[in-house]
Structure formats: C-alpha cells, structure tokens
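Have a look at the structure below, then the notes.
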Amino acid sequence: MSEMNALSETVSSGKRRERFAFFKEIRKNGKLYLLTLPGILLILVFAYLPMGGIVIAFQDFNVMEGIAGSEFVGLRNFEFFVQSPDMLRIAGNTLYLNALFIVFSTLAAISIAVMLTEIGGRWFKRIAQSLVILPHFVSWTVVAMLLSVLLNTEAGLINQLLAAFGVDAVQFYSDPDKWPLILVLVKIWQGAGFGSIVYLATIAGINPDIYEAASIDGASRWQKIRFITLPLLKTTVILLTLLAMGGIFYGDFGMIYAIVGLNVLLYPTTDVIDTYVYRALMELGDLSMAAAVGFFQSVLGFILVITVNWLARRFSPDSAIF
Amino acid sequence: MKRKGKGPTALLLVLTLLATLTAACTGNEGNAPEAGEQTEGPNGANAAEAADNAAPPALDPVELKVKLFGEKPTDMDAVVAEFESRSKEALNTTLDVTFDVAAEYRNKLKLMLAAGEEIDLAFDAPWWDLNANVSKGYYHELDAYFNNDDYPGLKAAFTPEYLEANKIDGHIYAIPVTNTFYDIPVVLIRKDLREKYGMEPVDSYADLKQFLDQVLANENPKAFVPWGGGRNTWYHVFANFDTKQTHYRAFPFEITGTGALFNLVLSEDGKQVLGATTLGDPDEAYSGFPAPLNEPDFFYDHYDTKVEYRKYLPSDPLAQNQTTTVEGGAHETTLNSVASDRQKLKETYPDADYEIFVYNDAVRAMESGAIATGFKAWNFLTVPKSSKNVERTMKFLDWVFASPDHHDLFELGIEGTHWEKDGERYYRVTEQTPDYAFPAYEMTWNPQLSRINGNNDEETLKYIEYEYDQDSYYRMALSGFTFNPENVKNEIAKVQPKFDELRPVLEAGLDPEWRESAGKLNAQMRALGLENIREELIKQAQDYLDSGGQ
C-alpha cells in the first residue's frame, strides 16, 4: 500500500518535489538499493574503469612508458584504417556476414526450440537436445579440419561423392561466391542449438492455459505454434537481436581465421574487419592502432544499438532494452 | 513490523557479497608481494655476495618460468626432474616449462609482455616480434653475463664473434640459438617412386620436372599429387643463386618488416645504396643497377617457373589445412628436418624412403664460401624485464652450456633412454626418442655443443658436416641491418595487406599474367604510401652503411 502511494506521489509531483522524492525513495528502500551495490561495483570496475584505456587509441602507446608517458597523437592511429581502399568492401563483408549469421541463426534457433518443445518422448528429447548443443563446444580449428576433409578438391568427401556420380569436382577453396553460404551453414550447425536454449526457456514460461484454451477451441498443433508460441517469442527475439546488433561490426575472427586463414582467393567475400586488421598489424604489433580499430567498431556498434532500440521502442515498446 | 525484520537480513546479505568481492580483489594483491619476496631475496643476496665470495653459500630455492612453443615432449617432466636432481647443489633451481601452440604463442607472448607477467626465459625471434619487443624495452640487456669468467659455460659456448653478429642496437638483448648459420634447403624426393619409374637420382631442375611428370602420370591424383602441401610450399626453390648477395639483398634473403618486400641494391663496393625496387616497379627503376641486377627478371622470373609447376601442386594450393589432406611425391624442407621427415614417412610406409636434392648449384658442389649468411641465428632466448631472477636464469643457462653432458640432457634427453652416443659428434635415436622431441632450436642449439643425428643417410650427413664448417659461408650485404618501421607504420599497415593478397597467388603459380597483376598492385601500393616506405628503407640502410655497418 505504502509503495503504491510513493509511486503516485512521484508521478504527480513537480521537479523540486521529484528531487525530494529521490531522497525519500532512498530513505525508504535504501536497503534494497544497497543490495544492488555489489553488482554496480562489479560493472564499474570491470566495464567502466577499463574504458579509460581507450586513451591509448589516441596515443603512440609504449608499454614501458605507460599511459601517462606515451605521446598523444590525436587521430593518427585511425588513418591507416580509414584510408585503406578496401575498407568499404571489408566493412560491407563484416555487416553482410553478421547480418546473415544473426538472421539465420535466430531462425534456426527458434525452429529447434519449437521442435524440441513439440517432441513427446522424454529420453529422445533429452538426447536430441544434447546433440544439437554439442557442436557449440567444438573449437573452430577442429571445425576447419572437418570442413577441409569435407570440401577438399582432391580428397574431400563431397567431391568424391560427386565423382562417383560422374559430376566434375567443385573447387570450394578457390571460389569465393560459395563461402557466405558455407559460413552460414557452419555457423548454424555450430551455434543454433546453443542459441535455442533461451527460446526453449521462454516457451517453457508460456502459460499452459493458453494452449489448453486453444485446444478446446479446436486449434491444431501447427495453429498453436503459429498463433501462440511464435507471437509470444517476439519480445525475446527482438531483445536478443538488439544485443547481437552491438557486435555487428566485429567479424567472427576465431571462426573466419580458422576456416579461411590466409587463403587470399576467398578474401573477396570472407575478409572482415578483424581478419584484415590482423593481417595489417601482424608484423607491426602496434597496440595503439589495434585499439583505434576496436574503438571504431564499438562506437559504430553503439550507434547501431541505439538506433535499433529506438525503432523497437516505436514499434514494439515491450521489446526495447531501454 | 515485517519490514523491520527484513532490514538486518538485507544488510547482512549485502555485507557478505561485498566481503566476497573485496576478498577476491585483495586475494591477488596479497599474493603478489609474497611472490616478490620469494624471488627478490636470492637476487639481492646474489648480487652482493657472489662477487667477493669464492664459494657462495647455498642458494635460496627458486622456480624459473620458461615459455616455449610447440608440443610438450612426453618425457619433459622426467628430464626436468633429472636436471633438478643433478644441479640441486650448484643451482637449487626448479623449472616450470610451458609450451603453447605456435600460432598462439606469438600473440600470447606479446600480451604477457605487455601485461608484465612474470617470465624468466622466453623464446622470441626476429621473424616474429623480437626486434619490436626489444625496441619497446621488454627485455633485459644481458651484455654482462657473456664473456664473463663467472659464467664459464656461456663464455665458452658463445664466442665473441657469434655474439657480435647477433647483437641488437649494439647489445645482447637476446641469446642466439642456432647450430649452423644456415639450414640448407633441400627437395626431398620419394626414392622408392623414383626407382619405380626407372630414373637416375635427381640432380637438376630438369630431372626434378621429369620426376614430377612421372608422378603425375603414374599415381592416383585423388590421393597423391606430385608436390603435396599447399601454401608456402615453395620455400627457396627456384630462387636465383647465380650471384652472391654481397652487394644486394633480394629473394630469398630480403630485408623483412617493410610491408612490401624490396630488392635493395648497393654499389659494387658496398658503400652506397643505389636503390630499392619491389614487385611491379617499371623496368626503368632497375636501370641504375649494375648487370645482371638491371633486369626485373633477375629478381622475379621464378614466378614464371612457379606458373609452370602449378600443375604439380594440389588443386587448392591456398586452402587452410591443405597439408593434412593430400600426400606428395616430393616436398621442400631443410637438412635438419630430413631425419624426422623420413621417420614420419616410414611410420606410414615402412618400405618408402626419401633422398635429397640440393638445388643451389654451388652448395650442391660443396664449394667454399657458397652459403649466404649474416652469421645470425634465426631463433633467440630472451629474459623479459618482468623477471625478478635474471642472475639465476643466467646461472641456469650457464649450467646448460657448461658441459656437453648438461647440454645433451636438455637437447636430447636422458642418455641411454632417449638417445645413444655415436662418437664425439653424432648421436643415434632409440625407440624412446619420440618421447622426448624437445624443440632444441628454441633453446639449446649451439654451433659447438649440438650433436648431429647419426641416423641420417650418408649424403645428408655430408651436407650437414659442410653446413657446420665456417668456411662454407660468405657474408651477405647489410647482414647486421634491421629495418625500424616506426616512422612509416601507417604506410606499412596500408601496404602490407595489399602486398600479402597478391604474393601467395604468385607463389602458388596461379596467375600466368602475373606481370600485369604486379603492375596493378604496384600502382595501388604507391597510392597507399609505398614511396615513403622505400625512401625510409633506403635512408636507414644508407645510415647503417655510413656508420660502418656491414
């Protein structure tokens, strides 16, 4: 009762009253706020304090002299990256591949979650669930090996199969156009099962009464999925997509470098910001230039999250993060 | 009433959480000084007392952290235990040797150095980041420990000439690790196949081509290609060895670290830099050079050969993991790896065998002064600034290099188990040799102490002996020169990825029109600041020559 009063008081009062209400609120629920203190401290120490390190992106950073002793060089560290003629292509690849990954991984994850929910047999369900999650724990280096056994022109499984049917070998490793598809398939195989966990949990949280009511009204299984499960997953989908947007300017270095590596023939479609920067700075090993690119990627990601969140708030207010 | 009851509980909860947090933080802090005390103690004691005390008191125990790359030998712990028991009285030192995958080691080391993690001995190399790491001040300068009677082992194993050639900025920041000053690259030919085709041993490029054609014609192309392996599969083969690199530096001995690789040409007396050219430069750029260096083809016609040899490579020469999928009739390696390559082959095909083809004519004829070198090692050991045990680390190394017995223990393992003596210079492998495959090239190789693998075939042994002979070498131009990228690093960061995009294509012989592609690349690189790098390289090389460098 008293909480309700406090709320209505805050809402109805003017600016001065509001400030006053803030202290009142603290006095009233101070101990509850105190509970959040460890979490806030944690974020402060591990997320906000390190942001000070961004300053090395604007310095000619030397570890021995430290942040205080290194020379300030303004935007010089951003030059090589911004002036590179390939930057548009590489940024394009990064966005394109990540967009494909986000869209198809989400679709696959939702399908898996729905299918797993519909499975009846308890044991079969558990085994199936474990099997689809398993690939998430296979390292990219191993995935790259598996792929090469599959796709190699001379000894690859696929090409041997094709040869058995008298079809000419496909040179996967020389044909960049096939790689966005290959990478998306690999990404789904590797990540969709693991990604389905959140959706599974959301579905489990849906009130069974709704399904029961639908059954009584004569809804088929498919109709229940189409009109109950999927609409109720919308909020979660938008939320997770929003979070994924923040990283859309970060190429999946671990994956692409392990699989494509230094195969220059595939660069036209697979070279992303992270792999490009790795090659550009591999010999120089310059921390400041690398930090500059990282900063650049985060800023763009941040802008994107803000924009998409704004859109989400307009069209589906429940799903917006803030 | 209920509300009041919650208060103390909440407060307690918060306090507990905070306590755990702060405990986690101070836990680390608490450890640090402990480690410091433990390690600083002997250090201080050593510096003060070792100098005036002939028989130093028993040393405090210390653990040295050693970082290497590669796979940890199965019996590494046994060998370390043997070392610890043998050296207990002299050193009282234990070792913590860790191995990382090569690809990760390089980056990990950079991070550990940047973070100041405590390491006592670490592998580094100029083909990774040694020079950059030295210029960043990550490593201790070790001048005082060499040529010093307190360290007799180091004094004997590292001659002043050997150290002089391996100094960086005039000081010893890194300890050279090599057994010879060049490891002669050779082509390994499947002897059994050659005999099957009724051919004489391969003695020229013409013979090699004939052999590869035979493989192409006779073997199943699905599982077996003439030249297995993929990217970087040609090492120095087809390079131009007709002229000694006494007044120029070019493939395969280019100055590295310049983004695009240059041919750097000096006047014949070696005093003046005449210019630097790179892939795709117009013919006029070469006109000021003395013959035969005035033709771009002198430097680049090996790319024509590579196009011609393209058909012998696997279909996906640039694919990642190519080496794991296809086998070959021939491949390139160096003398030191012949024995281990042969061992691997025999594991799969007991009846198969390799023989070597040395493709550098002068070296094949074992002429004296035929091998180009800067008398520089390729691999180095460093003591990072974060180490608090510099003296103890150097004492440890002194012990390793003090006698052949000590040295053999680390390089080859326990005698009688991992290896057997074969005269003064050679060793023989045993069944347990694979259990101690120590990467000696990262830590113990030494021109005077390293034994030669007596299990090599006679031909290979002949060349290894030739390689160990100082008279087989000649000094390359600019042998002590290293390029400092600092002034042009923006240009390098832009040019490097461009250059690296075309080069593997040319190396794999995938582009018959490579001259045209190189011209295009050259124009792009010029737009990205190639000329600044070129100027900087010429300037630095000239400065080096003017200050008396060789």
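Just so you know, all these numbers are worked out from the coordinates, no wet-lab data involved. Keep in mind that this is a model prediction, so the values were computed, not measured. Don't worry about glycine lacking a Cβ; one is built from the backbone with ideal geometry, like all the others, and counts go over all protein chains shown.
A few comments on the model shown:
- Distance from the Cα centroid of the range B:220-291 to that of the range B:516-531 is 17 Å (rounded to whole angstrom).
- Dipole check for chain B: with +1 at the C-beta of Lys and Arg, -1 at the C-beta of Asp and Glu, and the Cα centre as origin, the magnitude is about 2400 Debye.
- Amide H contacts under 5 Å for B:Thr94: B:Val62, B:Glu63, B:Leu64, restricted to partners 5 or more places along the chain or on a different chain, H placed in the peptide plane at 1.01 Å from N.
- Inter-chain neighbour count for A:278-291: the average number of beta-carbon atoms from partner chains within 10 Å of each residue's beta-carbon is 6.
- The relative contact order of chain A, computed from alpha carbon pairs under 8 Å that lie at least 6 residues apart in sequence, is 24 percent.
- Computed about its Cα centre, the charge dipole of the protein assembly as shown is approximately 6300 debye, with only Lys, Arg, Asp and Glu carrying charge at their Cβ.
- Using θ = phi - 60° in the Karplus curve 6.51 cos²θ - 1.76 cosθ + 1.60, the 3J(HN,Hα) couplings for the range B:266-272 round to 10, 5, 5, 7, x, 9, 10 Hz; x is entered for Gly and Pro.
- Shielding by partners for peptide A:147-156, expressed as the average number of C-beta atoms from other protein chains within 10 Å of each residue's C-beta, is 6.
- Full extension of the segment from A:Phe104 to A:Arg221, taken as 0.36 nm per residue of separation minus the current Cα-Cα distance, would add 39.7 nm.
- Here B:Lys155, B:Lys108, B:Lys539 are placed in order of increasing Cβ neighbour count within 10 Å, fewest first, which gives B:Lys539, B:Lys108, B:Lys155.
- Coupling constants for the range A:27-37 follow from the phi torsions by the Karplus curve (6.51 cos²θ - 1.76 cosθ + 1.60, θ = phi - 60°), and in residue order they are 5, 6, 10, x, 5, 5, 5, 4, 4, 7, 4 Hz; glycine and proline get x.
- Amide H partners (placed H, <5 Å) of B:Thr246, local residues excluded: B:Ala477
- Fewest-first sequence of B:Leu130, B:Leu528 by Cβ atoms within 10 Å of each Cβ: B:Leu130, B:Leu528
- Counted by neighbouring Cβ atoms within 10 Å, the residues B:Arg475, B:Arg451, B:Arg428, A:Arg27 run from fewest to most as A:Arg27, B:Arg428, B:Arg475, B:Arg451.
- Total charge dipole magnitude, the range A:78-319, about the Cα centre, Cβ charges on Lys, Arg, Asp, Glu only, Debye to nearest 20: 860
- Cα lying deepest toward the dipole's positive end in chain A, options A:Leu49, A:Leu97, A:Leu32, charges on Cβ: A:Leu32
- Exceedance of the 18 Å cut-off in Cα-Cα distance is limited, within the set B:Lys67/B:Lys385; B:Lys306/B:Lys462; B:Lys108/B:Lys385; A:Lys178/B:Lys311, to B:Lys306/B:Lys462; A:Lys178/B:Lys311.
- Counting only lysines at least 8 places from A:Lys28 when in the same chain, those with an alpha carbon closer than 24 Å to its own are A:Lys15, B:Lys2, B:Lys4, B:Lys6.
- Converting phi to 3J(HN,Hα) with the Karplus coefficients 6.51, -1.76 and 1.60 and the offset θ = phi - 60°, the range B:143-152 yields 3, 5, 8, 9, 6, 10, 5, 6, 10, x Hz in sequence order, with x at every glycine or proline.
- Put the Cα centre of the range B:64-82 next to the Cα centre of the range A:61-115 and the gap is 38 Å.
- Cα-based reach from B:Lys346 at 17 Å (exclusive), listing lysines while leaving out same-chain residues under 8 positions away: B:Lys191
- Backbone amide hydrogens, once placed in the peptide plane, bring B:Leu274 within less than 5 Å of B:Val265, B:Leu266, B:Ser267, excluding anything fewer than 5 places away on its chain.
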